[in-house]
1. Which pairs turn up if I take residues in segment 82-100 that are surrounded by fewer than 13 Cβ atoms within 10 Å (Cβ to Cβ) and modelled with pLDDT of 95 or more and look for partners that are among the acidic types (Asp, Glu) and not in a loop (DSSP other than H, G, I, E, B) with beta carbon separation below 9 Å, at least 6 apart in sequence or on another chain?
2. Any residue that is within 16 Å of the ligand (Cβ to nearest atom) and either in contact (Cβ under 8 Å) with a residue 60 or more places away in the chain or closer than 18 Å to residue 16 by Cα (or both) - is there at least one of those in segment 169-179?
3. Scan segment 110-124 residue by residue and report those that are exposed (fewer than 12 other Cβ atoms within 10 Å of the Cβ) and touching a residue at least 24 places away in the same chain (Cβ under 8 Å).
4. Among the residues of segment 170-194, count how many are over 17 Å from the mean Cα position of the chain (by Cα) and surrounded by 15 or more Cβ atoms within 10 Å (Cβ to Cβ).
5. If I filter segment 50-81 down to residues being surrounded by 18 or more Cβ atoms within 10 Å (Cβ to Cβ) and more than 12 Å from the ligand (Cβ to nearest atom), which single residue comes out as farthest from residue 112 (Cα to Cα)?
6. I'm told residue 222 meets every condition in (1) surrounded by 13 or more Cβ atoms within 10 Å (Cβ to Cβ); (2) over 24 Å from residue 98 (Cβ atoms); (3) more than 15 Å from the chain's Cα centre (by Cα) except one. Can you identify the failing condition by its number?
7. Within segment 195-207, how many residues are out of contact with any helix residue (DSSP H, G or I) (no Cβ under 8 Å at 6 or more places or on another chain) and surrounded by fewer than 18 Cβ atoms within 10 Å (Cβ to Cβ)?
8. If you check 28, 36, which single one turns out to be exposed (fewer than 15 other Cβ atoms within 10 Å of the Cβ), at pLDDT 95 or above and not charged (D, E, K, R)?
Amino acid sequence: MPEKTPSHLPKHVAIIMDGNGRWAKKRYLPREAGHYAGMSAVRETVRAGCDMGLENLTLFAFSSENWKRPKTEVGALMGLFRAYFRSDMDELVERNVRMRIIGHRGRVASDIQQMIQDSESRTAKNTGMNLTFAFDYGGKEEIVAAVQELARAAKDGRLDPETITPELFASRLFTSALPEPDLVIRTSGEHRLSNFLLWQSAYAELLFLDTLWPDFDRATLTAALEQFAARERRFGALDSEAVA
Ligand code: FPP
């Protein structure tokens, strides 16, 4: 572990991994080469998170809007997920990582659905870092699905609408087992959430880095966590100086 671990770790880091295409373009390579390099960055980031004792890491791997990309690119991304599950599951199990995948599920190929299920059940009893991939994920879709579920319950008389609280609502989201992210990082210089964890990020610190995702490494993560530790979070209250 070459870098020191930041003193005040966030409980949950969520990352929008952006910039694979630009990384490849800068090198006159096809976009797929950028995604391949992005997979190595995923591997390194997961290892770094485990080594630092991070409790929750969530990575935006494929958005529900990414289906609009050319077929060849979508195919290449799906191929990478297959490759990642095949090559990294043993290490993740060894590192006591608990895997979760949040997203639509029904739209991806059946062998990938099977891999997702296997990886979740194989790691279900693990007690180390929670590693969550947002895969075929869209925040608005997630919220609408939760609303539909609550509306159905209300319609059937199983739920009094007056009893719906933010906590009850959050318990119907894909992320019900996880704390809200306290740090959301987006790489590649874009300043957007792009439909990622919209409800869950209400109070998250947002950190936008110019680094392109394939260049993200242990040192970048450490520096991001140092920046987080330096920020004071107030959750709508006054800062400690104003209160004193
Ligand atoms: C955004 O870069 C990235 C994605 C759409 C996919 C993220 C995929 C990976 C990091 C690789 C594989 C991951 C796993 C888990 C095996 P972009 O293509 O939008 O980049 P650009 O904005 O520069 O074009």
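The values are calculated or read from the model by the stated rules, or taken from the named source; none is laboratory data. Everything numeric in this text was worked out from a predicted model, so none of it was measured. Because the Cβ atoms are built from the backbone with ideal geometry, glycine has one as well, and the counts that use them run over all protein chains shown.
1. Filtered contacts from segment 82-100: no entries.
2. Within segment 169-179 (the criterion being within 16 Å of the ligand (Cβ to nearest atom) and either in contact (Cβ under 8 Å) with a residue 60 or more places away in the chain or closer than 18 Å to residue 16 by Cα (or both)), the answer is no, since none of the residues qualifies.
3. Correct list: 111, 124.
4. So the count comes out to 1.
5. 52
6. (2)
7. Adding up the residues that qualify gives 3.
8. 28
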